[in-house]
1. What is segment 155-281 by shape, rounded, prolate or oblate, if you read a ≥ b ≥ c off the alpha carbon gyration tensor as root eigenvalues and call it rounded for a/c under 1.5, prolate for a/b larger than b/c, and oblate otherwise?
2. Express the accessible area of the chain per residue in Å², computed with a 1.4 Å probe while the remaining protein chains stay in the model.
3. Within the set of other residues whose C-beta is less than 11 Å from the C-beta of residue 166, count the net charge using Lys and Arg as +1 and Asp and Glu as -1.
4. Is there a pair in 47/107; 54/171; 103/201; 107/232; 138/230; 171/230 whose C-alpha atoms are over 23 Å apart, and which pairs would that be?
5. To the nearest 20 debye, what charge dipole does segment 190-281 have about its Cα centre, counting +1 at the Cβ of each Lys and Arg and -1 at the Cβ of each Asp and Glu?
6. Using 0.36 nm per residue, how much length does the chain from residue 22 to residue 165 gain when fully extended, once their Cα-Cα distance is taken away?
7. Who wins for biggest fluctuation among 183, 237, 70 in a Gaussian network model of the chain, springs between alpha carbons below 10 Å?
8. Helix-only estimate, please: 222 nm mean residue ellipticity of the chain, summing -39500 (n - 2.57) across DSSP H runs of length 4 or more and dividing by its residues, to the nearest 500.
Amino acid sequence: HAKAMGKNNCQFYSVELNQAVHQHLMLEASLSRAIGNHEMVLGYQPKVDLRTGKVVGAEALVRWNHPENGMVPPDEFIPVAEETGLIVPLGEWVIVEACGALKALDKLGVRDFVISVNLSARQLRQRQFAAGLARTLKRMEVDPRNLELEVTESQLMDQPEEAMEALAELKALGVRLSIDDFGTGYSSLSHLQKFPVDYIKIDRSFLGEVSHDGHAVITRAIIALGHSLKLKVIAEGVETLEQLTFLRAHECDQMQGYYFSPALSQHSLEELVCSDARLRD
Ligand code: C2E
Ligand code: MG
Ligand code: MG
Ligand code: MG
(Lines give C-alpha, C1' and ligand atoms only; values in the text may rest on other atoms or scores of the structure.)
(Ligands and ions follow the chains in the order given, each with its own letter.)
Protein backbone atom coordinates (compact mmCIF):
# COMPACT_ATOMS: atom_id res chain seq x y z
CA HIS A 1 0.00 0.00 0.00
CA ALA A 2 2.72 2.44 1.00
CA LYS A 3 4.57 1.63 -2.19
CA ALA A 4 1.50 2.34 -4.31
CA MET A 5 1.06 5.65 -2.50
CA GLY A 6 4.69 6.47 -3.14
CA LYS A 7 4.26 5.80 -6.81
CA ASN A 8 1.21 8.00 -6.95
CA ASN A 9 3.03 10.75 -5.11
CA CYS A 10 5.84 10.46 -7.56
CA GLN A 11 3.48 10.87 -10.51
CA PHE A 12 1.77 13.75 -8.76
CA TYR A 13 5.04 15.58 -8.27
CA SER A 14 6.18 15.04 -11.83
CA VAL A 15 2.90 16.50 -13.17
CA GLU A 16 3.38 19.50 -10.87
CA LEU A 17 6.96 19.86 -11.99
CA ASN A 18 6.02 19.71 -15.68
CA GLN A 19 3.46 22.40 -15.09
CA ALA A 20 6.03 24.59 -13.38
CA VAL A 21 8.51 24.09 -16.23
CA HIS A 22 5.78 24.78 -18.78
CA GLN A 23 4.72 27.98 -17.01
CA HIS A 24 8.32 29.07 -16.79
CA LEU A 25 8.84 28.56 -20.54
CA MET A 26 5.59 30.38 -21.36
CA LEU A 27 6.66 33.26 -19.16
CA GLU A 28 10.10 33.37 -20.75
CA ALA A 29 8.66 33.48 -24.29
CA SER A 30 6.06 36.12 -23.53
CA LEU A 31 8.51 38.21 -21.50
CA SER A 32 10.95 38.35 -24.38
CA ARG A 33 8.13 39.49 -26.70
CA ALA A 34 6.82 41.98 -24.12
CA ILE A 35 9.89 44.18 -24.22
CA GLY A 36 9.55 44.72 -27.97
CA ASN A 37 5.75 45.06 -27.75
CA HIS A 38 5.77 48.05 -25.40
CA GLU A 39 4.05 46.02 -22.67
CA MET A 40 6.56 47.20 -20.04
CA VAL A 41 5.79 50.39 -18.12
CA LEU A 42 7.69 52.32 -15.49
CA GLY A 43 6.04 53.78 -12.41
CA TYR A 44 7.85 56.53 -10.53
CA GLN A 45 7.53 56.60 -6.74
CA PRO A 46 8.39 60.08 -5.37
CA LYS A 47 11.11 60.54 -2.75
CA VAL A 48 10.74 63.39 -0.27
CA ASP A 49 13.44 65.30 1.59
CA LEU A 50 12.46 64.98 5.25
CA ARG A 51 13.98 68.32 6.24
CA THR A 52 12.43 70.52 3.53
CA GLY A 53 9.41 68.42 2.53
CA LYS A 54 10.42 68.84 -1.11
CA VAL A 55 10.06 66.10 -3.73
CA VAL A 56 13.71 65.54 -4.66
CA GLY A 57 13.63 62.34 -6.65
CA ALA A 58 11.75 59.21 -7.64
CA GLU A 59 12.39 55.48 -7.90
CA ALA A 60 11.58 53.87 -11.25
CA LEU A 61 9.67 50.61 -10.70
CA VAL A 62 8.94 48.34 -13.63
CA ARG A 63 5.54 46.77 -14.28
CA TRP A 64 4.35 44.44 -17.01
CA ASN A 65 1.07 45.44 -18.61
CA HIS A 66 0.26 41.94 -19.85
CA PRO A 67 -2.41 41.81 -22.62
CA GLU A 68 -4.36 39.03 -20.85
CA ASN A 69 -3.23 39.10 -17.22
CA GLY A 70 -3.24 42.86 -16.64
CA MET A 71 -0.55 44.53 -14.50
CA VAL A 72 2.04 41.99 -13.34
CA PRO A 73 4.23 43.10 -10.40
CA PRO A 74 8.03 42.81 -10.75
CA ASP A 75 8.36 40.09 -8.11
CA GLU A 76 6.54 37.75 -10.53
CA PHE A 77 8.82 38.23 -13.54
CA ILE A 78 12.16 39.76 -12.45
CA PRO A 79 13.39 36.37 -11.11
CA VAL A 80 12.63 34.71 -14.49
CA ALA A 81 14.25 37.62 -16.33
CA GLU A 82 17.34 37.17 -14.14
CA GLU A 83 17.55 33.41 -14.73
CA THR A 84 17.16 33.67 -18.49
CA GLY A 85 19.37 36.71 -19.01
CA LEU A 86 16.39 38.75 -20.27
CA ILE A 87 17.16 41.13 -17.40
CA VAL A 88 19.94 42.60 -19.54
CA PRO A 89 17.73 43.98 -22.37
CA LEU A 90 14.97 44.74 -19.85
CA GLY A 91 17.40 46.62 -17.62
CA GLU A 92 18.69 48.59 -20.60
CA TRP A 93 15.13 49.55 -21.50
CA VAL A 94 14.51 50.72 -17.90
CA ILE A 95 17.59 52.96 -17.96
CA VAL A 96 16.74 54.52 -21.33
CA GLU A 97 13.15 55.12 -20.22
CA ALA A 98 14.28 56.71 -16.93
CA CYS A 99 16.72 58.93 -18.85
CA GLY A 100 13.79 59.99 -21.06
CA ALA A 101 11.83 61.01 -17.95
CA LEU A 102 14.83 63.01 -16.66
CA LYS A 103 15.11 64.72 -20.02
CA ALA A 104 11.40 65.64 -19.97
CA LEU A 105 11.71 67.09 -16.45
CA ASP A 106 14.74 69.08 -17.52
CA LYS A 107 12.69 70.59 -20.37
CA LEU A 108 10.11 71.63 -17.77
CA GLY A 109 12.84 73.50 -15.92
CA VAL A 110 13.30 70.92 -13.15
CA ARG A 111 16.97 70.54 -12.22
CA ASP A 112 18.67 68.55 -9.46
CA PHE A 113 16.03 65.82 -9.63
CA VAL A 114 17.32 62.27 -9.14
CA ILE A 115 15.68 59.20 -10.67
CA SER A 116 16.83 55.83 -9.37
CA VAL A 117 16.61 52.50 -11.16
CA ASN A 118 17.05 49.04 -9.66
CA LEU A 119 19.93 46.94 -10.95
CA SER A 120 20.27 43.17 -10.83
CA ALA A 121 23.58 41.55 -9.94
CA ARG A 122 23.59 40.04 -13.41
CA GLN A 123 23.68 43.53 -14.97
CA LEU A 124 26.39 44.64 -12.58
CA ARG A 125 28.48 41.60 -13.57
CA GLN A 126 28.35 42.43 -17.30
CA ARG A 127 31.83 43.34 -18.42
CA GLN A 128 30.86 46.39 -20.45
CA PHE A 129 28.06 47.63 -18.20
CA ALA A 130 29.69 50.91 -17.12
CA ALA A 131 30.92 51.65 -20.65
CA GLY A 132 27.43 51.01 -22.06
CA LEU A 133 25.84 53.22 -19.40
CA ALA A 134 28.29 56.02 -20.19
CA ARG A 135 27.25 55.83 -23.86
CA THR A 136 23.54 55.87 -22.99
CA LEU A 137 23.92 58.92 -20.73
CA LYS A 138 25.80 60.77 -23.43
CA ARG A 139 23.35 59.85 -26.19
CA MET A 140 20.37 60.84 -24.03
CA GLU A 141 22.14 64.02 -22.87
CA VAL A 142 21.52 63.23 -19.22
CA ASP A 143 23.79 64.49 -16.46
CA PRO A 144 25.07 61.38 -14.60
CA ARG A 145 24.39 63.11 -11.27
CA ASN A 146 20.66 62.88 -11.99
CA LEU A 147 20.73 59.08 -12.23
CA GLU A 148 20.95 56.77 -9.23
CA LEU A 149 21.51 53.02 -9.33
CA GLU A 150 20.08 50.82 -6.55
CA VAL A 151 21.58 47.43 -5.81
CA THR A 152 20.31 45.27 -2.96
CA GLU A 153 22.61 44.52 -0.07
CA SER A 154 22.25 40.75 -0.58
CA GLN A 155 23.19 40.99 -4.28
CA LEU A 156 26.27 43.04 -3.36
CA MET A 157 27.29 40.58 -0.66
CA ASP A 158 27.04 37.62 -3.05
CA GLN A 159 30.47 38.49 -4.48
CA PRO A 160 31.53 41.57 -2.53
CA GLU A 161 34.99 42.06 -4.09
CA GLU A 162 33.65 41.92 -7.66
CA ALA A 163 30.73 44.14 -6.72
CA MET A 164 33.09 46.70 -5.25
CA GLU A 165 35.06 46.93 -8.49
CA ALA A 166 31.90 47.28 -10.56
CA LEU A 167 30.58 50.00 -8.23
CA ALA A 168 33.88 51.89 -8.40
CA GLU A 169 33.64 51.96 -12.22
CA LEU A 170 30.09 53.30 -12.03
CA LYS A 171 31.00 55.82 -9.36
CA ALA A 172 33.70 57.18 -11.68
CA LEU A 173 30.98 58.03 -14.23
CA GLY A 174 29.41 60.39 -11.71
CA VAL A 175 26.16 58.47 -11.15
CA ARG A 176 24.81 58.06 -7.62
CA LEU A 177 24.76 54.65 -5.97
CA SER A 178 22.63 53.19 -3.22
CA ILE A 179 22.34 49.98 -1.26
CA ASP A 180 18.73 48.80 -1.39
CA ASP A 181 16.89 46.73 1.25
CA PHE A 182 19.61 47.53 3.77
CA GLY A 183 19.61 45.47 6.95
CA THR A 184 18.48 42.22 5.33
CA GLY A 185 21.68 41.20 3.54
CA TYR A 186 24.24 40.69 6.29
CA SER A 187 26.99 43.08 5.09
CA SER A 188 30.08 43.03 7.15
CA LEU A 189 30.88 46.50 8.35
CA SER A 190 34.28 46.37 6.68
CA HIS A 191 32.62 45.78 3.30
CA LEU A 192 30.06 48.46 3.90
CA GLN A 193 32.80 50.96 4.55
CA LYS A 194 34.49 50.10 1.26
CA PHE A 195 31.44 50.19 -1.04
CA PRO A 196 31.61 53.57 -2.82
CA VAL A 197 27.91 54.37 -2.34
CA ASP A 198 25.99 57.57 -1.59
CA TYR A 199 22.82 56.27 0.05
CA ILE A 200 21.52 53.36 2.04
CA LYS A 201 17.83 52.48 1.91
CA ILE A 202 16.41 51.01 5.09
CA ASP A 203 14.38 47.92 4.25
CA ARG A 204 10.70 48.50 4.86
CA SER A 205 10.43 45.46 7.13
CA PHE A 206 12.22 47.45 9.87
CA LEU A 207 9.81 50.34 9.52
CA GLY A 208 6.76 48.14 9.81
CA GLU A 209 6.42 48.55 13.53
CA VAL A 210 8.37 51.60 14.54
CA SER A 211 6.12 51.73 17.58
CA HIS A 212 7.63 48.45 18.77
CA ASP A 213 10.96 49.08 20.47
CA GLY A 214 12.89 46.30 18.76
CA HIS A 215 12.27 47.67 15.28
CA ALA A 216 12.75 51.26 16.31
CA VAL A 217 16.16 50.37 17.68
CA ILE A 218 17.24 48.86 14.36
CA THR A 219 15.94 51.79 12.30
CA ARG A 220 17.74 54.25 14.59
CA ALA A 221 20.94 52.20 14.44
CA ILE A 222 20.88 52.10 10.62
CA ILE A 223 20.39 55.88 10.43
CA ALA A 224 23.30 56.44 12.84
CA LEU A 225 25.50 53.93 10.99
CA GLY A 226 24.77 55.56 7.62
CA HIS A 227 25.51 59.03 8.93
CA SER A 228 28.73 57.96 10.59
CA LEU A 229 29.86 56.61 7.20
CA LYS A 230 28.82 59.96 5.61
CA LEU A 231 25.98 58.33 3.68
CA LYS A 232 22.48 59.66 3.23
CA VAL A 233 19.74 57.42 4.56
CA ILE A 234 16.44 56.80 2.78
CA ALA A 235 13.49 55.03 4.40
CA GLU A 236 11.20 53.06 2.08
CA GLY A 237 7.70 51.78 2.72
CA VAL A 238 6.59 54.70 4.91
CA GLU A 239 2.86 54.21 5.42
CA THR A 240 1.91 56.18 8.55
CA LEU A 241 2.32 59.60 10.13
CA GLU A 242 3.81 57.85 13.14
CA GLN A 243 6.63 56.42 11.01
CA LEU A 244 7.19 59.79 9.34
CA THR A 245 7.41 61.58 12.69
CA PHE A 246 9.84 58.99 13.99
CA LEU A 247 12.09 59.31 10.92
CA ARG A 248 12.15 63.11 11.14
CA ALA A 249 12.95 62.98 14.84
CA HIS A 250 15.91 60.71 14.09
CA GLU A 251 17.13 62.81 11.17
CA CYS A 252 16.60 60.31 8.39
CA ASP A 253 17.29 62.15 5.11
CA GLN A 254 14.59 61.02 2.67
CA MET A 255 11.50 58.88 2.57
CA GLN A 256 9.26 57.18 0.07
CA GLY A 257 6.09 55.22 0.69
CA TYR A 258 2.33 55.04 0.33
CA TYR A 259 1.88 57.66 3.08
CA PHE A 260 3.09 60.24 0.56
CA SER A 261 2.51 58.53 -2.79
CA PRO A 262 2.55 55.20 -4.65
CA ALA A 263 4.41 54.92 -7.98
CA LEU A 264 3.00 57.40 -10.52
CA SER A 265 2.90 57.60 -14.30
CA GLN A 266 5.55 59.84 -15.84
CA HIS A 267 2.87 62.43 -16.56
CA SER A 268 1.59 62.50 -12.95
CA LEU A 269 5.16 62.72 -11.67
CA GLU A 270 5.77 65.77 -13.88
CA GLU A 271 2.58 67.42 -12.57
CA LEU A 272 3.51 66.69 -8.96
CA VAL A 273 7.07 67.98 -9.28
CA CYS A 274 6.03 71.14 -11.15
CA SER A 275 3.24 72.05 -8.73
CA ASP A 276 5.55 71.30 -5.79
CA ALA A 277 8.10 73.73 -7.25
CA ARG A 278 5.44 76.42 -7.92
CA LEU A 279 4.16 76.24 -4.33
CA ARG A 280 7.67 76.91 -3.05
CA ASP A 281 8.73 79.75 -5.41
P1 C2E B 1 12.44 47.69 -4.09
O2 C2E B 1 13.48 48.29 -5.01
O3 C2E B 1 12.81 47.53 -2.66
O4 C2E B 1 11.16 48.61 -4.29
C5 C2E B 1 10.28 48.97 -3.27
C6 C2E B 1 8.98 48.20 -3.37
O7 C2E B 1 8.15 48.59 -2.26
C8 C2E B 1 8.17 48.50 -4.62
O9 C2E B 1 7.45 47.30 -4.95
C10 C2E B 1 7.18 49.54 -4.12
O11 C2E B 1 6.02 49.65 -4.90
C12 C2E B 1 6.90 49.03 -2.74
N13 C2E B 1 6.41 50.07 -1.85
C14 C2E B 1 6.61 51.41 -1.94
N15 C2E B 1 6.04 52.08 -0.92
C16 C2E B 1 5.44 51.14 -0.16
C17 C2E B 1 4.68 51.22 1.06
O18 C2E B 1 4.44 52.29 1.65
N19 C2E B 1 4.23 50.07 1.59
C20 C2E B 1 4.49 48.87 0.98
N21 C2E B 1 3.99 47.76 1.56
N22 C2E B 1 5.20 48.75 -0.16
C23 C2E B 1 5.68 49.88 -0.73
P24 C2E B 1 7.42 46.78 -6.42
O25 C2E B 1 7.21 47.89 -7.38
O26 C2E B 1 6.47 45.63 -6.43
O27 C2E B 1 8.90 46.25 -6.63
C28 C2E B 1 9.38 45.13 -5.93
C29 C2E B 1 10.83 44.88 -6.24
O30 C2E B 1 11.04 44.55 -7.62
C31 C2E B 1 11.72 46.11 -6.02
O32 C2E B 1 11.99 46.27 -4.66
C33 C2E B 1 12.93 45.77 -6.85
O34 C2E B 1 13.80 44.92 -6.13
C35 C2E B 1 12.33 44.96 -8.01
N36 C2E B 1 12.28 45.82 -9.21
C37 C2E B 1 11.36 46.75 -9.55
N38 C2E B 1 11.68 47.34 -10.72
C39 C2E B 1 12.85 46.77 -11.13
C40 C2E B 1 13.72 46.96 -12.28
O41 C2E B 1 13.49 47.80 -13.15
N42 C2E B 1 14.83 46.17 -12.34
C43 C2E B 1 15.15 45.25 -11.37
N44 C2E B 1 16.25 44.53 -11.51
N45 C2E B 1 14.37 45.05 -10.29
C46 C2E B 1 13.24 45.80 -10.18
MG1 MG C 1 14.72 49.77 -5.02
MG1 MG D 1 13.97 48.31 -1.33
MG1 MG E 1 12.98 45.00 -2.45
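The values are calculated or read from the model by the stated rules, or taken from the named source; none is laboratory data. What you are looking at is a predicted structure, and each value in this text was computed from that prediction instead of being measured. Note that we place each Cβ from the backbone using ideal geometry, even for glycine, and neighbour counts take in every protein chain shown. Areas reflect the complete protein model, heavy atoms only, side chains present, ligands, DNA and RNA absent. Shrake-Rupley method; radii C 1.70, N 1.55, O 1.52, S 1.80 Å.
1. oblate
2. Values: 15360 Å² over 281 residues.
Per-residue accessible area for the chain comes out at 55 Å².
3. Values: positive: 125, 127, 171; negative: 161, 162, 165, 169.
Every neighbour counted, the sum reads -1.
4. Details: 47/107 20 Å; 54/171 26 Å; 103/201 25 Å; 107/232 28 Å; 138/230 29 Å; 171/230 16 Å.
Pairs exceeding 23 Å: 54/171; 103/201; 107/232; 138/230.
5. On the way: 9 positive and 13 negative charges, 76 e Å.
Dipole magnitude for segment 190-281 comes out near 360 debye.
6. My answer for the length gained is 47.7 nm.
7. Maximum among the listed residues: 70.
8. It comes out at -16500 deg cm²/dmol, rounded to the nearest 500.
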